[in-house]
Amino acid sequence: MNTTTIVLFIAAGIVCWTAPAVYADGEICSASEIRIADGMLRKAEEAEKAGRTQDAYKAATQSIPSIFCAGNGYKRRDGLIERTSKKLGAEAEKAGRFGEAFEYYNAPIGWGRADYDLGNADRVMLKHAKARPDDYKVVSKAAVYFGQRDLSSSLKEVRGIARRGGDKMLAKEENIFAAHKDSLDDLGKAKGWLDLAGEADRANARAEQRGDTLLAEGSFRSVERAFSYYHLAENPKKIGAAKDRARTLGDRHAGKGEHGLAAKFYDLSGDEAKAEAVEKQKEKTETTRQGKFKKDQKSLEKELGF
């Protein structure tokens with residue numbers, strides 16, 4: 001064996017001795033990476049065998065470094081998540097904790113299982129919405145979920161729940177407006193519910209009605225509030241009409257010498273030039289008033305001998 005052959009033989013031996021494990025997917029792992037990944041997976045599997053389902057689920061769903069380094073790493077992890085999430089979901093569903101059950105039943109999808117059957121998740125999501133009909137967050141989440149899943153039957157049921165929620169808020173809004181002429185918050189909530197049902201136009205029509213009533217009153221406070229209702233209704237024409245009304249009222253008050261109030265109406269109308277002009281007139285009037293007051297005061301003091 002010549003020198004060159006010996007050197008090549010030794011080099012090949014060194015490579016074989018130091019090379020890390022190579023898996024079928026082409027990933028190269030060190031001995032340490034293999035030990036950590038396999039150890040963490042084994043810990044989760046042992047917890048499952050011991051009946052500690054929650055511990056097993058938590059261990060399987062934590063971030064396992066270099067999981068591809070463990071033998072059949074992805075398959076073992078996915079199997080663990082599927083089995084434990086299904087069991088935990090069933091327990092939560094039986095106890096009436098439908099929101100929690102949904103998160104468990106839906107968990108495999110979050111770990112890349114695009115082919116996973118979501119029948120259990122679909123069922124408990126509908127149960128959750130029916131059990132919490134007054135919880136907007138729950139019902140809206142169900143509406144979005146079933147819309148994305150394109151499950152028309154379930155979506156129709158959820159929209160029915162949302163419609164009833166909107167009707168309740170409209171009834172409440174009517175009482176509040178009759179008493180205080182300020183129901184914007186309740187009407188906004190009604191619109192949120194009705195939007196889930198695809199009937200936001202009903203709330204918009206109510207908002208326009210309220211805006212018209214307030215605009216007709218003519219006080220600054222009522223006109224200002226009318227703008228808020230028209231914005232809620234998302235109606236540019238109504239907002240334009242309100243600006244015209246505010247400008248007219250500004251002219252009226254300016255004509256009476258009520259410059260401060262006129263400026264506020266002009267601000268609402270968006271007429272900056274007129275608002276600035278009456279503000280200057282207000283300052284001029286105030287200066288004149290103060291000058292007259294000082295003059296009158298001096299005359300009085302002179303008359304009284306001070």
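Here, each number is a calculation from the coordinates, and none is a lab measurement. Model, not experiment: these values are computed from the prediction. All Cβ positions, glycine included, derive from the backbone under ideal geometry; neighbour counts span all protein chains shown.
A few notes on this one:
- A Cβ-based charge dipole, computed about the Cα centre of the range 21-131 with Lys and Arg at +1 and Asp and Glu at -1, lands at about 400 debye.
- Evaluated over the range 124-250, the Cα radius of gyration and Dmax, each in Å: 17.1, 58
- P(r) tail for the range 116-168: Cα pairs beyond 14 Å make up 44% of the total.
- Reachable aspartates and glutamates, given that their alpha-carbon falls under 15 Å from the alpha-carbon of Lys94 and they are not under 8 places away in the same chain: Glu103
- For the range 156-171, backbone phi angles converted through the Karplus equation (6.51, -1.76, 1.60; θ = phi - 60°) give residue-by-residue couplings of 4, 5, 5, 5, x, 4, 5, 4, 5, x, x, 4, 4, 5, 5, 5 Hz, Gly and Pro being listed as x.
- Debye-sum result for the range 48-112 in log10 I(q)/I(0), which assumes one identical scatterer on each alpha carbon, at q = 0.23 Å⁻¹: -0.95
- Phi to ³J(HN,Hα) by Karplus 6.51 cos²θ - 1.76 cosθ + 1.60 over the range 139-153, Hz, x for Gly, Pro: 5, 5, 5, 5, 4, 5, 4, 5, x, 5, 7, 6, 9, 4, 5
- Karplus 3J(HN,Hα) series, Hz, for the range 102-119 with 6.51 cos²θ - 1.76 cosθ + 1.60 (x for Gly, Pro): 4, 4, 5, 4, 8, 4, x, 4, x, 10, x, 8, 5, 8, 6, 6, 9, x
- Taking only Cα atoms of the range 21-131, radius of gyration then Dmax in Å: 15.8, 53
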